[in-house]
Protein chains: 6
Amino acid sequence: MGDNIMRPAGRSAQQMRPLKLTRNYTKYAEGSVLVELGYTKVLCNATVEEGVPRFLRSHRQGWVNAEYGMLPRSTHIRITREASRGKQSGRTMEIQRLIARSLRAAVDLRKMGEFTITLDCDVIQADGGTRTASITGACVALADCLNYLVVRGKIKDNPMKCMVGAVSVGVVHGQVVCDLEYSEDSIAETDMNIVMMEDGRIIELQGTAEGDPFSQEQLIQLLAIARSSLKEIVQAQKAALEN
Amino acid sequence: MGDNIMRPAGRSAQQMRPLKLTRNYTKYAEGSVLVELGYTKVLCNATVEEGVPRFLRSHRQGWVNAEYGMLPRSTHIRITREASRGKQSGRTMEIQRLIARSLRAAVDLRKMGEFTITLDCDVIQADGGTRTASITGACVALADCLNYLVVRGKIKDNPMKCMVGAVSVGVVHGQVVCDLEYSEDSIAETDMNIVMMEDGRIIELQGTAEGDPFSQEQLIQLLAIARSSLKEIVQAQKAALEN
Amino acid sequence: MGDNIMRPAGRSAQQMRPLKLTRNYTKYAEGSVLVELGYTKVLCNATVEEGVPRFLRSHRQGWVNAEYGMLPRSTHIRITREASRGKQSGRTMEIQRLIARSLRAAVDLRKMGEFTITLDCDVIQADGGTRTASITGACVALADCLNYLVVRGKIKDNPMKCMVGAVSVGVVHGQVVCDLEYSEDSIAETDMNIVMMEDGRIIELQGTAEGDPFSQEQLIQLLAIARSSLKEIVQAQKAALEN
Amino acid sequence: MGDNIMRPAGRSAQQMRPLKLTRNYTKYAEGSVLVELGYTKVLCNATVEEGVPRFLRSHRQGWVNAEYGMLPRSTHIRITREASRGKQSGRTMEIQRLIARSLRAAVDLRKMGEFTITLDCDVIQADGGTRTASITGACVALADCLNYLVVRGKIKDNPMKCMVGAVSVGVVHGQVVCDLEYSEDSIAETDMNIVMMEDGRIIELQGTAEGDPFSQEQLIQLLAIARSSLKEIVQAQKAALEN
Amino acid sequence: MGDNIMRPAGRSAQQMRPLKLTRNYTKYAEGSVLVELGYTKVLCNATVEEGVPRFLRSHRQGWVNAEYGMLPRSTHIRITREASRGKQSGRTMEIQRLIARSLRAAVDLRKMGEFTITLDCDVIQADGGTRTASITGACVALADCLNYLVVRGKIKDNPMKCMVGAVSVGVVHGQVVCDLEYSEDSIAETDMNIVMMEDGRIIELQGTAEGDPFSQEQLIQLLAIARSSLKEIVQAQKAALEN
Amino acid sequence: MGDNIMRPAGRSAQQMRPLKLTRNYTKYAEGSVLVELGYTKVLCNATVEEGVPRFLRSHRQGWVNAEYGMLPRSTHIRITREASRGKQSGRTMEIQRLIARSLRAAVDLRKMGEFTITLDCDVIQADGGTRTASITGACVALADCLNYLVVRGKIKDNPMKCMVGAVSVGVVHGQVVCDLEYSEDSIAETDMNIVMMEDGRIIELQGTAEGDPFSQEQLIQLLAIARSSLKEIVQAQKAALEN
């Protein structure tokens, strides 16, 4: 495992791309965060609406949902607009389900009141890691949105349990690295998305051996590098929320 | 017709909102312009692809197409994502047809080679005038995209005939005003979108009497105010392209 | 502007094709009008239903809606049936929105009671001007339908404000002409659909420069010729209603 | 089985409604027939196109297809437009498959050349028997369309084998009757659609016991009454073609 | 009509393939029957739900519905999965409507209470006769499902009027045969599906002359052979229910 | 972590449900396996077709695809048929993508020739673990299908690299258990699907903390229990293939 292999832009294996979180990016949403991770840019808007989906009626709890989309030219080659094609791809559905599950883990839904918060994660520019950046940014938008409800007296206590961040890690040329950009992602032997709580416990783990299968040893290295990135991510989330 | 009625933000009847055109807003598109008109923000990306639609095969010409979308929370109240609903609304289709027709008027398609340029206009934030802002911004993105083709030797001469700009005008409380923002748009007696060439000739004219019908006299006033706004718009387009 | 250029069928520039309005064309609809404009034939059926769309509940008003369709072989070349293709084209949506807006302008919705009237405009044979003929015919069907409600005591006073007619005008070979048939429409430099009230005030104005842009001078000529046609149209509508 | 029960409009059990076939009803289709059966009115347009569906390529034969639709207000109560609902109903699909199979039986496809003829049957007004009227009318439109090909030298000999007609028969109040109108159809114990060749042999037989099951004896009575109606129908078809 | 022509597997003209009905095939459905007819295998599951479709509200009766599907590789050549194609074929719709109508004839809906029973007929392996096998199997599943309601006291008396069975018959090489397998079905001159009550009366009759039209004489032979098969079918249904 | 908590049916934490693999379950598919895992039953059919998807043309390799579906009444409560709803759910898409990726890892696509193998996994009865059972069964069907190609001389050497098996593991009441059945799955704190090669290396890892997040320590326990189950699974796959 060659630590000396050069990554794009000269990053070291455990070095994330610059992460920037801009709150109040648009003016209507109850939480609006532009997350930038290197060249990857995702706009995460939180919308709160009264009521919950049908299957939760009379459960006296709230709900958190997510939708994900890519602008047609957020990528090197233009992708067909899902709205004109008439359906969302399997990849899109998979990602928005992941984002929603991850953020529900951050909230005590029973203390949230009968509100539904929808997190729209729209990719402006994609250079790898859009789903993990979406989770990281949406968590801040969610915090703002919940605070909006508290400030207006709609819910008593903030039901946010903790920050939730996500990072992609992988094995590239046999080397365990964090925060893969597109040029790495497309050649990675293993590609793994990890969603963690502040304390390092795992919410979601999705690893795929695109090339060679991976061993338990490699998995533990991947988790270690993810845990270290997560610290930076949570720090950035908290710093953004304090501004 | 009371010129002394106060418009939002203290604008005069013939005063446009600040217009800002940012080129190269994203890095993959062959033309990428963020257009801001007051709080309205639209990202206009131009993509060039080889070949033309089937109905133009063997016509030895190019084609310009457009797609339009609104991010779900670009508006006060979240709108359903068209991709998840499985179809585009009539309004969306109407707008993207308007954008495409307007921009085809700016280009000599016969000198463009067998390329198709698609203009994706995605509304980040909507405060009235998204379709006209889209045309104004997309025209600059189209210019960049055509220049990209010329620079790479794909086409010999730039087939752009002139700048094309668009503005919304209307009758609000009996007063003819230009560049309506959302709070004006929603109460306007007449709402009109005008697309013009640099020289003031008209490409598209779409006027709707939402409240009272309008007279020919009012139409001429509306055209006059549009023509004056158009001068500013073309100036801004040219200034942006010179940077 | 060459007035001496021959139009198809020897019409003069300001001469409309023969217009025929046949009421009670089918027997179930509350208003049923076949409109024939030269070879263009559109069946306009008005249906009244109790209740209004969700967004109007508790507004104590009525609503007027429209749908438009072309029979697959109403045209020279068979077009795909939209029902089998699974969606309506952008053109269809654009037209039915135009028809609906135009007819809503003819009615005082607040005096209409909580009824929804749907105008189905189905093109039996198309030779240019189907959308304007639809509006002209649907207005008569709407009048019959409102009268049906008055006669049955469902509403007290007839809420129809005035007749609304529509005509297409354009610039063909540099000449301003009215009521374009298909062979003219397909080569027109400018194509404009105008919807007017009886008194000549404008409800909708949709002009497109397919070839060359048009000047304000031409616009005024187009309006003049439209206004003159409108007189004939309203006369025909009134004559039909008096039979 | 009471022959003395009065049918609507005083018809006898074996009496069809007046049948009228108007050829060249629209001007573009290669065959265009308006069929009127009492109040039921269906426009049957035949379109010929070069080529055959993929599954027939290199089979050196032709194909006959059919599509069926009802105008939204062809019925007592407005039905949703299938184009706007985004799909055709099971009933629609069932009917258009029946029409197509029936008409393919009228033609020697191997002598037809590689052409596809599509029969569009659009119901203008429905009062029972729309599917059988469609077959009866479409057969005449098909004959015109095949003749069009022969006259233009596209095919040598007319591949039409014979006329094909269809009639609905049924058991109403225990009485076997032919050509049910809507008020009978909706209460019939048995409803049967029969498609026959000129010589009385059967192409399609679709019988449904909506209320009570039917016996073989009743079936034979139903066939007898159908056969007698068919004679009238074929006579009318031939008379129409001779004009 | 050559009775001496050999059928596949040496069957005689009036000999059905072995019929096997396995009850309780899956464990959740209120009625679950695997029907095997030679190589044709269909799983028929009955589901009971409270309430009835909207159009029956306040009619104080029950409803029976059916859905039909083929597993993609139930056939020689894989067929596209309808779920991924986004719509059901016309054939599927036609079949599920036939199954539903046939089974509604077996039940006194007015004595069934406000329940809806859905019969899902899913073809595991297809070798001809899947729609008739579905009806035969679904009838047993329906009986189990109704019994389930009686046993639990949800309805007082079993509303089943009688067994309903179905068989396909046809003319192959001029010979009238019953229970066509795929290799016969694909070359049959006439193909007929007959649904009968125990007493031989007919519920549904759908005959199609794929090749040559058929005469009344042939129809009577087809009915005779169907009636004889039906006796075996009902016997098998009753035997299965007695186990 | 209480090893003494009783699991349903008295299973121990590391005890799988009985696994049964039946080959040649249907007669048309090139590989057809019914996999039964306790009450969970999935039919896995492999279909081979010539050619590859468009994006692989001229790559001189093969492709493996998968589709997944649940029969409507494979579950306690009937689920809507995706074919009639008109689209596949996000869950379905996610699962079929997982199955396909997992099985592609079992094959050297470059040695497979330009064939596409589609694995249809249709759930007959669901009691938890349908996606992992699908992978386990589909791997055997894939082996049969590849052998079919080798035997017919379509490909020279069998491109199967090794068996691939899958198992679900989880944390239930704080205890790490393998092969969750539905009653456990629905209350699990953590639910993890693991796809492994014969040698224990990981192909896919998808862990979700439905309730509490999980620690690295728990993850290692989950992997251990999965690895032990995998041995049994591969043994069963090999035994099935040897019969």
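The values are calculated or read from the model by the stated rules, or taken from the named source; none is laboratory data. Every value quoted in this text rests on a predicted model; they were computed, and no experiment measured them. In this analysis, Cβ positions are derived from the backbone assuming ideal geometry, glycine residues included, and neighbour counts consider all displayed protein chains. We work out accessible area using only protein heavy atoms, side chains counted, and drop any ligands, DNA or RNA first. Shrake-Rupley method; radii C 1.70, N 1.55, O 1.52, S 1.80 Å.
Need one number: convex hull volume per residue for the stretch C:26-67, Cα atoms only, in Å³.
86 Å³
Mind scanning A:Lys87/D:Lys87; F:Lys111/F:Lys231; C:Lys111/C:Lys154; B:Lys87/D:Lys41; D:Lys41/D:Lys156; B:Lys111/B:Lys154 and naming the pairs with a C-alpha gap bigger than 23 Å?
Long pairs (Cα-Cα over 23 Å): F:Lys111/F:Lys231; B:Lys87/D:Lys41; D:Lys41/D:Lys156.
Scattering from the C-alpha atoms of the stretch E:1-90 alone, worked out with Debye: what is log10 I(q)/I(0) at q = 0.16, 0.18, 0.24 1/Å?
Values, matching the q order: -0.96, -1.05, -1.19.
Considering only the other residues whose Cβ falls under 12 Å of the Cβ of F:Gly62, what net charge follows from Lys and Arg at +1 and Asp and Glu at -1?
Net charge around F:Gly62: +1.
Give me the percent of DSSP beta bridges within the protein assembly as shown that run antiparallel, rounded to the nearest 5.
Approximately 85 percent, going by the DSSP bridge assignments.
Are there residues in the stretch D:87-115 whose accessible area shrinks by at least 20 Å² when all protein chains are included rather than the chain by itself, and which are they (probe 1.4 Å, ligands and nucleic acids not counted)?
Buried by the other chains: D:Lys87, D:Gln88, D:Gly90, D:Arg91, D:Met93, D:Glu94, D:Arg97, D:Arg101.
Between A:Ala9 and C:Gln216, what is the label-to-label distance in nm when each label sits 7 Å out along the Cα-to-Cβ direction?
A separation of 5.2 nm, rounded to one decimal place.
Taking 25 °C and 0.890 mPa s as the conditions, I'd like the Stokes-Einstein D for chain A in µm²/s, using the Kirkwood hydrodynamic radius from alpha carbon pairs.
Using the Kirkwood radius from Cα pairs, D works out to 134 µm²/s.
Could you give the dipole magnitude of the stretch D:146-207 about its Cα centre, charging the beta-carbon of Lys and Arg +1 and that of Asp and Glu -1, in debye to the nearest 20?
Taking the Cα centre of the stretch D:146-207 as origin, the dipole is about 700 debye.
Can you compute the modelled spin-label distance between F:Val151 and F:Arg54, with each label point 7 Å from Cα toward Cβ, in nm?
For F:Val151 paired with F:Arg54, the spin-label model returns 3.6 nm.
Per the Kirkwood definition applied to all pairs of different Cα atoms, how many angstroms is the hydrodynamic radius of the stretch B:110-243?
Answer for the stretch B:110-243: a Kirkwood hydrodynamic radius of 16.0 Å.
Given R₀ = 22 Å, FRET efficiency for C:Glu242-C:Asp108 by Cβ-Cβ distance, to 0.05?
Given R0 = 22 Å and the Cβ-Cβ separation, E is 0.50.
Nearest 20 debye, what's the magnitude of the dipole of chain A about its Cα centre given +1 on Lys and Arg Cβ and -1 on Asp and Glu Cβ?
That gives chain A a dipole magnitude of about 920 debye.
What is the magnitude of the charge dipole of the stretch F:1-129 about its Cα centre, with +1 placed on the Cβ of each Lys and Arg, -1 on the Cβ of each Asp and Glu, and no other charges, expressed in debye to the nearest 20?
Charge dipole of the stretch F:1-129: 200 debye, to the nearest 20.
Could you point to the residue in D:Gln235, D:Ile194, D:Tyr182 farthest towards the positive end of the stretch D:160-237's charge dipole, with +1 and -1 charges on the Cβ of Lys/Arg and Asp/Glu respectively?
D:Gln235
To the nearest hundred square angstrom, how large is the accessible surface buried between B and C, total for both chains, probe 1.4 angstrom?
Looking at B and C, the buried total is near 2600 Å².
Using a 1.4 angstrom probe on heavy atoms only, work out the carbon and sulfur share of the accessible area of chain A in %.
47 percent
Other chains near F:209-218: what is the mean number of their Cβ atoms within 10 Å of each residue's Cβ?
Neighbouring Cβ atoms belonging to other protein chains average 5 per residue here.
Can you give the mean number of other chain Cβ atoms that lie within 10 Å of the Cβ atoms in peptide E:25-35?
Counting other chains' Cβ atoms within 10 Å and averaging over E:25-35 gives 4.
Name the residue farthest towards the positive end of the dipole of the stretch E:73-143 from the options E:Ala141, E:Ala126, E:Leu109, assuming +1 on Cβ of Lys and Arg, -1 on Cβ of Asp and Glu, about the Cα centre.
E:Ala126
Restricting to DSSP H runs of at least four residues, report the calculated mean residue ellipticity at 222 nm for the protein assembly as shown, -39500 (n - 2.57) per run over all residues, nearest 500 deg cm²/dmol.
Only helices count here, giving -9500 deg cm²/dmol.
Kindly give the distances from C:Leu56 to its copy-mates, label point to label point, with each label point 7 Å from Cα along Cα→Cβ, as nm values to one decimal ordered shortest first.
3.4, 3.4, 4.1, 4.7, 5.5
From Cα pairs below 8 angstrom and at least 6 apart in sequence, can you work out the relative contact order of the stretch D:118-222, rounded to a whole percent?
For the stretch D:118-222, the relative contact order is 23 percent.
List the aspartates and glutamates whose Cα lies under 19 Å from the Cα of F:Lys20, skipping any in the same chain that are fewer than 8 positions away.
F:Lys20 reaches F:Glu36, F:Asp120, F:Asp122, F:Asp127, F:Asp144, F:Asp179, F:Glu181, F:Glu198, F:Glu232, F:Glu242.
Based on DSSP, what percent of beta bridges with both residues in the stretch D:133-241 are antiparallel, to the nearest 5?
100 percent
Quick one: work out the % antiparallel among DSSP beta bridges in the stretch F:41-132, nearest 5.
55 percent
Shortest first and in nm with one decimal, please list how far the C:Lys161 label point sits from its counterparts in the other copies (point 7 Å along Cα→Cβ).
List, nearest first: 3.7, 5.8, 5.8, 6.3, 7.2 nm.
Going 7 Å from Cα along the Cα-Cβ axis for the label, what nanometre distances separate C:Ser183 from the same residue across the other copies?
Those separations, rounded to one decimal, come out as 4.9, 5.6, 6.2, 6.2, 8.2 nm.
Quick one: the Cα spread of the stretch A:51-91 along its three principal axes, in angstroms, biggest first?
Per principal axis, max minus min of the Cα coordinates gives 46, 18, 16 Å.
Could you work out, residue by residue across E:118-128, how many beta carbons of other chains sit within 10 Å of that residue's beta carbon, and then give the average as an integer?
Mean shielding by partner chains, rounded to a whole number: 3.
Rolling a 1.4 Å sphere over the protein heavy atoms, what is the accessible area per residue of the protein assembly as shown, to the nearest Å²?
On a per-residue basis, the protein assembly as shown sits at 39 Å².
Relative to a virtual label point 7 Å from the Cα of D:Arg23 in the Cα→beta-carbon direction, which members of the stretch D:124-155 show backbone nitrogen distances below 15 Å?
It comes to D:137-152, nothing else.
Output needed for the protein assembly as shown: three equivalent-ellipsoid semi-axes, defined as square roots of 5 times the C-alpha gyration tensor eigenvalues, in descending order, whole Å.
In descending order the semi-axes read 51, 51, 30 Å.
Between beta-carbons, use under 12 Å as the cut-off and find the net charge around C:Val151, counting Lys and Arg +1, Asp and Glu -1.
+1
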